[in-house]
Amino acid sequence: MREEVLASVLANPRVEPHLAIWGWQIATYLFLGGLAGGMMLCSGGVILGRRDEDAPFAARRAPLVALVLLAVGLGALFLDLERKINVWLFYTVLHVTSPMSWGSWILLLVMPALALMALGGIDAGFPPLARWLRGLPAIGALAGRVIGLSVAAWRAVAAVNVALGIALCVYTGVLLSGFNARPFWHSALLGPLFLVSGMSTGAAVIVLGARTAKERHLFGRIDLGLILAEMALIGLFLIDMLNGNALQQAAVALLLGGALTGLFWVGFMALGLALPLLMEAASWRRPIALLAGTASVLVLVGGFLLRDIVVTAGQQTGWRSFHNQFNAALLDRLRHDGENPNGRF
């Protein structure tokens, strides 16, 4: 009797029948990371366009809010790490072909850039906080000098934030699309989709935080255009999947009659995109605070649902259709030819 042993990573119960490693922490991080990146773009754009008087919340307060939200997102990411003590190893090297490596370095640059942009507007945005920082014992003088330098270089710092905001939003989509073994994630459209979604959620937060009708109206209009762009990218993503290989078609079927159909079409498309679009269109000429606020909350819910659906669907689909990839007859011929078939794998 001849005994043969087949060794495979597919024996890992956390991989088959579907991946069960990324949970709510990753969806939360992707959402808050994209949201912070979108706010960096909105705030930086306002400052560079010299419209900080028209949009005071976006210019002077939103950067600090984005910094706090990103810190919460990073906390969720840290909770997901299996070996938390080894997180510093990310910063010992830069792997140019690894989106995760790029992401770790982008995050390292984003935090101080956001902090400097926040300090540049802190005197007008958060006067009590500015006074508290300047009054700190031992470091108050240093804090005052840093604030002064941030004010002097505010527009230059805003330009850096715009570039890093784009990188932060796009990298979260590129990170997933780099997993070739997950057909639902394997699309170049995830990067642009997460960029537009991040900008939309960022604009929604500014609408909620704005204290003037002019600023709410401005970002409500911006968000309307972003929602339209997001809907177009969703349509292109579905078309891309449906015209892909058999495994991609099977993966997107989760949204077209499968387990995630209701959450995708009712939760995300209808409540997270279509309804806010109609509300913001109704406020196009005359701003209505209640409609603008409700639409912004729904946009934020839709932004989280998008990440949650993408993360879940990607883990529930994979390259598992072995019937068209494994040729038993060919393996039998290799055995009869005297070759060791395991030597090729």
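The numbers here are math on the coordinates, done by the rules we state, and not lab data. What you are looking at is a predicted structure, and each value in this text was computed from that prediction instead of being measured. Note that we place each Cβ from the backbone using ideal geometry, even for glycine, and neighbour counts take in every protein chain shown.
Projecting the Cα atoms of Thr97, Val301, Ala118 onto the charge dipole of the chain (Cβ charges, centred on the Cα centre) puts Ala118 farthest toward the positive pole. Three principal axis extents of the chain based on alpha-carbon atoms, in descending order, are 83, 52, 27 Å.
Here the spin labels are modelled as points 7 Å beyond Cα on the Cα-Cβ line, and at Val68 and Trp105 they lie 3.2 nm apart.
Taking the dipole about the Cα centre of the chain, with the C-beta of Lys and Arg at +1 and of Asp and Glu at -1, give me whichever of Gly220, Val72, Pro128 is farthest to the positive side. So the residue we want is Pro128.
If each DSSP helix of 4+ residues adds -39,500 (n - 2.57) and the sum is divided by the residues in the chain, what number results at 222 nm, nearest 500 deg cm²/dmol?
Working: 13 runs with 217 residues, N = 345.
Helices in the chain give a 222 nm mean residue ellipticity of -21000 deg cm²/dmol.
Between the helical axis of 24-48 and the longest alpha-carbon principal axis of the chain there is an angle of about 40 degrees.
Can you tell me the dipole magnitude for the chain around its Cα centre, using point charges on the Cβ only (Lys, Arg +1; Asp, Glu -1), in Debye to the nearest 20?
Numbers: 24 positive and 18 negative charges, 211 e Å.
Rounded to the nearest 20 debye, it is 1020 debye.
Taken over the alpha carbons of the stretch 189-325 as equal point scatterers, the Debye sum produces base-10 log I(q)/I(0) values at 0.09, 0.10, 0.13, 0.15 Å⁻¹ of -0.30, -0.37, -0.57, -0.71. Between 0 and 90 degrees, the angle of helix 289-316 with respect to the longest Cα principal axis of the chain falls at about 20 degrees.
With a simple spin-label model that places each label point 7 Å from the Cα along the Cα-to-Cβ direction, the separation between Phe78 and Ala246 comes to 4.7 nm.
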